[in-house]
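To start, the structure under review is shown below, and the notes come after it.
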Number of protein chains: 2
Amino acid sequence: MSGRTYAVIGTGALGGYYGARLNHAGFDVHYLLRSDYEHVRTNGLRIDSKDGDFTLPTVNAYRNAADMPRCDVVIVSLKTTQNHLLGELLPPVIADDGCVLVLQNGLGMEGPIGEIVGHHRVVGGLAFLCSNKLGPGHIHHMDYGQITLAEHTPDGSPGGETNRIKQIAADLEAAGIPVRTSRDLVKSRWKKLVWNVPFNGLSVVLDATTDRIMADKHARILAEQLMAEVVAAAAACGHPLDANITQIMLDQTATMTPYRTSMKIDHDAGRLMEIEAIFGNPWRAAKQAGLDCPRLESLYRLLGFLNGGGSCPPAG
Amino acid sequence: MSGRTYAVIGTGALGGYYGARLNHAGFDVHYLLRSDYEHVRTNGLRIDSKDGDFTLPTVNAYRNAADMPRCDVVIVSLKTTQNHLLGELLPPVIADDGCVLVLQNGLGMEGPIGEIVGHHRVVGGLAFLCSNKLGPGHIHHMDYGQITLAEHTPDGSPGGETNRIKQIAADLEAAGIPVRTSRDLVKSRWKKLVWNVPFNGLSVVLDATTDRIMADKHARILAEQLMAEVVAAAAACGHPLDANITQIMLDQTATMTPYRTSMKIDHDAGRLMEIEAIFGNPWRAAKQAGLDCPRLESLYRLLGFLNGGGSCPPAG
């Protein structure tokens, strides 16, 4: 084991899961919590996992970032709707030669975080995880779990595979977490959006699971058109994707178990949806690159209206 | 009074209202009904109107078009979702020198009706009417009521103001119905779509009244963008609208009483929405003219999905 220390900023279904995995493997992990703080300080964390259940009766739980020790790797696992808090939360927690691992969905989170801690201290991560919070400190890991790691660069160009990335990858693998590394963070983020834009968005607007979207002629055509817009946007922004990605994802979705997307789960629970990271930022990035994405923009605006009725609870 | 006879094909909130007005003024009117036939045959029609209530204790009610006399003016006031029935319904009802008055919402209904009865026997009408069916044969006329009449031509070019139009206008005016005539039917239909596309469509997808759409930043921008696409589509199809039409309609909508659109009322009641006439046909017409309308198409497809859960009751 490396002896690297980890902070988890946002101990929900995602941050709580990965933190607990590292913790369980012997790493020193420190968790920032809000609503679940009292419960987790007293009872620790409990993970029900398809790979075997485990509990951590005692964990390092904090209510305030200022009380946390400085850590080598600060995992940002808040919902992106909370990222306006990071200017306050990150500086006290990151070690002088430490880095931030942005383990969030969407596009364009790393830039503002780089402005806070310095761009050279930011690593991006994409989690392919299906997990749910069952109660305070109680997380259900249902499926998947792989993390893709990639270096952030200020201009979004490929950052290559650094030693830092390899070291974090080794820690995660030691904790039983499957890892891939990517040379191009922004391309990896666009690739994930090819699925997330149509299926997260349409699942909310149409109140539908993935199978109903795939089975309906109109909804499926619209999903394919949205995918094509995201693929075109990625290329316009200098990160062209493989030509067959849309077909591969459609084929995978057609054979999936009917699925309520994470955005639909958020919306049904009255939580704010992450529409800026997943829709607004990609739409604006394409626009800045000279490409109009009218279907993406329409979906963004429909969700923007629907988000107006939601509420925004604190993380953790 | 002219002595022209009228048939009403589809005796609902619209056809029942206008038929009863003509009937009340002394015209010979014959009504085709389905579900309300028994009730109306026995009890006639009852109109609660902002302009004064009236009843018609005995009316000429029919269950089958084949039993109706041939009439000089056959008003088509079915929902457009029922227009596939017209090939059977119209031929027995129209007099040799009679005409069909297509009093429906949307675009492109007159062409298929012209194929049935001959294009020279088709007149278009746009009703600006706010009315509801309260029960069988019982209609509430809440507001407005003006009809715009215009000649249909096979190629959609302006048909001018014929004697026939003037005669029907005189009948309607004699019955207390405000009338305008238009030289360009297709332009009048596009103009109405500038409002109907955004507000009917978004009211269903967003489950919202007009005031909530106008008050939300995202929804209002999307409504304006949809309006702009419809204006561009009208121009591409050879029927340019006045430059200020979008602003005029937005200003009117901003000062309206909060309003549940007719499409929203249909959808909430489990009835099929008229998505082909109001969305599909305009989108296809623009496409044929070489113009892509991605926002209009997206809205059409969202409504197409939502329409899949509806049911389609018989007219009348």
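Of the residues screened, residue A:118 is one that is among the small types (Gly, Ala, Ser), farther than 16 Å from residue A:9 by Cα and without any contact (Cβ under 8 Å) to a residue 12 or more places away in the chain.
Would it be correct to say that residue A:222 is at pLDDT 95 or above and within 30 Å of residue A:151 (Cβ to Cβ)? So residue A:222 does not fit the description; no.
Being away from chain B (no Cβ under 13 Å), touching a Gly at 6+ places or on another chain (Cβ under 8 Å) and in contact (Cβ under 8 Å) with a residue 40 or more places away in the chain: is that true of residue A:271 here? Considered against the rule, which asks whether it is away from chain B (no Cβ under 13 Å), touching a Gly at 6+ places or on another chain (Cβ under 8 Å) and in contact (Cβ under 8 Å) with a residue 40 or more places away in the chain, residue A:271 comes out as yes. Would you check which residues across the stretch B:167-220 are surrounded by fewer than 19 Cβ atoms within 10 Å (Cβ to Cβ), without any contact (Cβ under 8 Å) to a residue 60 or more places away in the chain, assigned to a loop (DSSP other than H, G, I, E, B) and under 20 Å from the mean Cα position of the chain (by Cα) and list them? Residues satisfying the conditions are B:178, B:183. Of the residues that make up the stretch B:227-235, is at least one open to solvent by 30 Å² or more (accessible area, probe 1.4 Å) and under 26 Å from residue B:308 (Cα atoms)? Looking through the stretch B:227-235, none of the residues is open to solvent by 30 Å² or more (accessible area, probe 1.4 Å) and under 26 Å from residue B:308 (Cα atoms).
How many residues does the stretch B:227-239 hold that are over 14 Å from residue B:192 (Cβ atoms) and either touching a residue at least 40 places away in the same chain (Cβ under 8 Å) or within 14 Å of chain A (Cβ to nearest Cβ) (or both)? Can you show your working first?
Just the residues of the stretch B:227-239 that are over 14 Å from residue B:192 (Cβ atoms), to begin with: B:228-229, B:232, B:235-238.
Adding the requirement that they be either touching a residue at least 40 places away in the same chain (Cβ under 8 Å) or within 14 Å of chain A (Cβ to nearest Cβ) (or both) leaves B:228-229, B:232, B:236-238.
Looking only at that region, the number is 6.
Which ones in the stretch B:140-165 are more than 30 Å from residue B:258 (Cβ to Cβ), touching a strand residue (DSSP E or B) at 6+ places or on another chain (Cβ under 7 Å) and not hydrophobic (A, V, I, L, M, F, W, C)?
Just the residues of the stretch B:140-165 that are more than 30 Å from residue B:258 (Cβ to Cβ), to begin with: B:149-165.
From the residues that got through so far, the ones that are touching a strand residue (DSSP E or B) at 6+ places or on another chain (Cβ under 7 Å) too are B:149-152, B:159-162, B:164-165.
Across the stretch B:140-165, the qualifying residues are B:151, B:152, B:159, B:160, B:161, B:162, B:164.
Taking the stretch A:286-298 as the range and being of a type outside the set (S, T, N, Q) and surrounded by 22 or more Cβ atoms within 10 Å (Cβ to Cβ) as the test, the residues that pass are A:286, A:293, A:295, A:296, A:297. Has the stretch A:240-253 got at least one residue that is within 18 Å of the chain's Cα centre (by Cα) and hydrophobic (A, V, I, L, M, F, W, C)? Within the stretch A:240-253, none of the residues are within 18 Å of the chain's Cα centre (by Cα) and hydrophobic (A, V, I, L, M, F, W, C). Picking from B:183, B:189, B:220, which residue would you name as being within 14 Å of chain A (Cβ to nearest Cβ) and among the basic types (Lys, Arg)? The match here is B:220.
Does residue B:306 fit the bill of being open to solvent by 20 Å² or more (accessible area, probe 1.4 Å) and at the interface with another protein chain (Cβ under 9 Å from one of its Cβ atoms)? The answer is yes for residue B:306.
Looking only at the stretch B:148-161, decide whether some residue is among the hydroxyl-bearing types (Ser, Thr, Tyr), assigned to a helix (DSSP H, G or I) and within 25 Å of residue B:229 (Cα to Cα).
Taking every residue of the stretch B:148-161 in turn, none turns out to be among the hydroxyl-bearing types (Ser, Thr, Tyr), assigned to a helix (DSSP H, G or I) and within 25 Å of residue B:229 (Cα to Cα).
Out of all the residues in the stretch B:134-141, is one or more farther than 23 Å from residue B:275 by Cα, open to solvent by less than 40 Å² (accessible area, probe 1.4 Å), touching a Phe, Trp or Tyr at 6+ places or on another chain (Cβ under 7 Å) and not aliphatic (A, V, I, L, M)? Looking for residues that are farther than 23 Å from residue B:275 by Cα, open to solvent by less than 40 Å² (accessible area, probe 1.4 Å), touching a Phe, Trp or Tyr at 6+ places or on another chain (Cβ under 7 Å) and not aliphatic (A, V, I, L, M), one finds at least one in the stretch B:134-141, hence yes. Taking the criterion of being over 16 Å from residue A:78 (Cα atoms) and polar (S, T, N, Q), the residues of the stretch A:102-150 that qualify are A:146, A:148. Note on the stretch A:1-18: residues that are open to solvent by 10 Å² or more (accessible area, probe 1.4 Å) and in a strand (DSSP E or B) amount to 1.
Given the condition more than 25 Å from residue B:158 (Cβ to Cβ) and in a helix (DSSP H, G or I), answer yes or no: does some residue in the stretch B:234-245 qualify? Outline the logic, then answer.
Within the stretch B:234-245, the subset more than 25 Å from residue B:158 (Cβ to Cβ) is none.
No, the stretch B:234-245 has no match at all.
Against the conditions (1) within 18 Å of residue A:227 (Cα to Cα); (2) more than 13 Å from chain B (Cβ to nearest Cβ), residue A:297 satisfies every one except (2).
Within the set A:233, A:223, the sole residue that is among the aliphatic types (A, V, I, L, M) and under 13 Å from residue A:191 (Cα atoms) turns out to be A:233. Here residue A:259 meets the list (1) surrounded by fewer than 19 Cβ atoms within 10 Å (Cβ to Cβ); (2) over 19 Å from the mean Cα position of the chain (by Cα) almost entirely, failing just condition (2).
Among the residues making up the stretch A:129-160, those that are within 21 Å of residue A:171 (Cα to Cα) and either in contact with a Cys (Cβ under 6 Å, 6 or more places away or on another chain) or acidic (Asp, Glu) (or both) are A:143, A:144, A:151. Among the residues making up the stretch B:48-75, those that are open to solvent by 30 Å² or more (accessible area, probe 1.4 Å) and of a type in the set (Gly, Ala, Ser) are B:52, B:66.
In this structure, residue B:21 does not qualify as assigned by TED's automatic domain parsing to the domain that holds residue B:94, more than 23 Å from the chain's Cα centre (by Cα) and surrounded by 16 or more Cβ atoms within 10 Å (Cβ to Cβ).
Quick check on the stretch A:135-162: of everything there that is of a type in the set (A, V, I, L, M, F, W, C) and modelled with pLDDT of 95 or more, which residue is farthest from residue A:57 (Cα to Cα)? Within the stretch A:135-162, the match that is farthest from residue A:57 (Cα to Cα) is A:150.
Exactly one residue among A:78, A:45 is at negative phi, among the aliphatic types (A, V, I, L, M), open to solvent by 10 Å² or more (accessible area, probe 1.4 Å) and under 21 Å from the mean Cα position of the chain (by Cα), and that residue is A:78.
Scan the helices (runs of 4 or more DSSP H) fully inside the stretch A:19-123 and keep the ones with 1 or more residues being touching a Gly at 6+ places or on another chain (Cβ under 8 Å). I'd like the intermediate steps shown before the answer.
Details: elements: A:37-43, A:86-89, A:110-117.
Those helices (runs of 4 or more DSSP H) span A:37-43, A:110-117.
Scanning the stretch A:142-152 for residues that are surrounded by fewer than 17 Cβ atoms within 10 Å (Cβ to Cβ) and not aliphatic (A, V, I, L, M) returns A:143, A:144, A:146.
Results for (1) within 14 Å of another protein chain (Cβ to nearest Cβ); (2) at pLDDT 95 or above, shown as yes or no for each residue.
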| position | (1), (2) |
| --- | --- |
| A:247 | no, yes |
| A:259 | no, no |
| A:275 | yes, yes |
| A:285 | no, yes |
| A:288 | no, yes |
| A:291 | yes, yes |
| A:302 | yes, yes |
| A:312 | no, no |
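Taken together, the residues in the stretch B:274-308 that are touching a residue at least 60 places away in the same chain (Cβ under 8 Å) and not in a helix (DSSP H, G or I) amount to 2.
The values are calculated or read from the model by the stated rules, or taken from the named source; none is laboratory data. Model, not experiment: these values are computed from the prediction. Glycine also receives a Cβ, built like all others from the backbone with ideal geometry; neighbour counts cover every protein chain displayed. The area values use the complete protein model at the heavy-atom level, side chains included, leaving out ligands, DNA and RNA. Shrake-Rupley method; radii C 1.70, N 1.55, O 1.52, S 1.80 Å.
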